[in-house]
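The values are calculated or read from the model by the stated rules, or taken from the named source; none is laboratory data. All values derive from a computational prediction rather than experimental measurement. In this analysis, Cβ positions are derived from the backbone assuming ideal geometry, glycine residues included, and neighbour counts consider all displayed protein chains. Ligands, DNA and RNA are stripped out before the accessible areas are found, and what is left, the full protein with its side chains, is counted by its heavy atoms. Shrake-Rupley method; radii C 1.70, N 1.55, O 1.52, S 1.80 Å.
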Amino acid sequence: MDANSPHIKATHKPKIFNNSERFIEGWYWLIPSNNLGINEVKSITLLGRKLVIYRGQDQQVVICDAYCPHMGAHLGEGIVEGNELRCAFHHWKFNADGICVEIPCLDEPLSLKLKTWPTVEKYGIIWVWTGEIPRESVPFVPELEFQDYEAVLGSSFVINCHPHLMMLNAIDTQYFQGVQVLDIGFEKQELNQNAIIFSKYKRQYHDLPFKKVFRPLYKNPIYSICYWYGSTFTLTVGTDLRRCYLMLALRLIPGEQVEVQTIFFIKQRKGLFGWLFNRLMLWLSNSLVQELISDERNILQTMQFNLRNPIKVDQSIMQLINHVELQKPLMWKTWLLARSPETEAKETQTKWRDELTND
């Protein structure tokens, strides 16, 4: 595929991709697990929505909306009692499912429920699902799904760009051509409705007419990236003898910035030597990632993304954008399903006509 090929027709203007008012329903990271102790409650804002997170006596994490359904007191000021959360204002108490179990001035509590959100602890991180019922799992490295591994938290940082722009760099074939790491082109695979994989196999097999027949002989790509929910991606690099695994968990924060948490994975090794070797490899991986991100930070922070003239080598980028556009979009702050402006306009017109008729 020639980088000088004529440009191809651009897709329609994205409604979700690189849009700071929209995000995709999915799993998002909140805080490291060791930042929340037993009987501790904290306030946090995620994607514009104010939440409260606490850990009960049973060590399970509960995430709920921040305000008491009685008079709107902030539950971050409350206290944890056993596995339940008590509001500091009028002392109403809610269990881990958000159900009101006690109102001190009443013999029986009212039949009401505080909104709670699905949560999981994995890789030393607390994750929250931004919808009703999780459709897919917390992001994982596909190659390690059925293997024993260690997960270690790396550094976290903030960059002045949208999360989607960070995601693009990993499959920008023009960038790879420039630094001569890979030949151009990725193979795309849909892992599930919320995850898409771009892989690059050994160069010498690229032009073989029967490469699919010989694929089992080199099943592991030298470079593979898996995108989850348009917010988190995993990166696998290396030959079959030496593999490096990395996850970058991203979340949009006010000011059109992205907050990034790095997570490193390595296959488990036995004994003291294995432990020391893994620590060394994880340290080297973290240092390398920091150096790479430092080199690209200035470009990303001054970029005004607009893919008006895509060319053939931008195919993987366009495929990722199309994948994002097919996801379930939610609105910043409310977490309600986002609708297109055309739909909202039609609904407004219909409502206006109904009101006029009723007069």
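Of note:
- Accessible surface ranking for ARG135, ARG86, 1.4 angstrom probe, highest first: ARG135, ARG86.
- Computed over the stretch 33-99, the P(r) tail beyond 20 angstrom holds 17 percent of alpha carbon pairs.
- Mean Cβ neighbour count within 10 Å, used as a protection proxy, ranking 31-43, 103-115 highest first: 31-43, 103-115
- Exposure rank, largest accessible area first [MET331, MET71; 1.4 Å]: MET71, MET331
- Efficiency of FRET from Cβ geometry, GLN147 and ALA88, R₀ 56 Å, rounded to 0.05: 0.75
- Solvent exposure ordering (accessible area, 1.4 Å, most first) of SER285, SER137: SER137, SER285
- Cα-projected label distance for ILE311 with HIS74, points at 7 Å along beta-carbon direction, nm: 5.2
- For the stretch 61-117, the share of accessible area belonging to carbon and sulfur comes to 54 percent (1.4 Å probe, ligands and nucleic acids excluded).
- THR232 contributes about 0 Å² of solvent-accessible surface, heavy atoms of the protein only, 1.4 Å probe.
- Close Lys pairs in the stretch 1-145 (alpha-carbon distance under 29 Å; sequence gap of 8 or more, or different chains): 15.
- Using a probe of 1.4 angstrom and keeping all protein chains present, the accessible surface of the stretch 19-114 works out to 47 square angstrom per residue.
- Cα extents of the stretch 224-284 along the three principal axes, largest first (Å): 46, 21, 16
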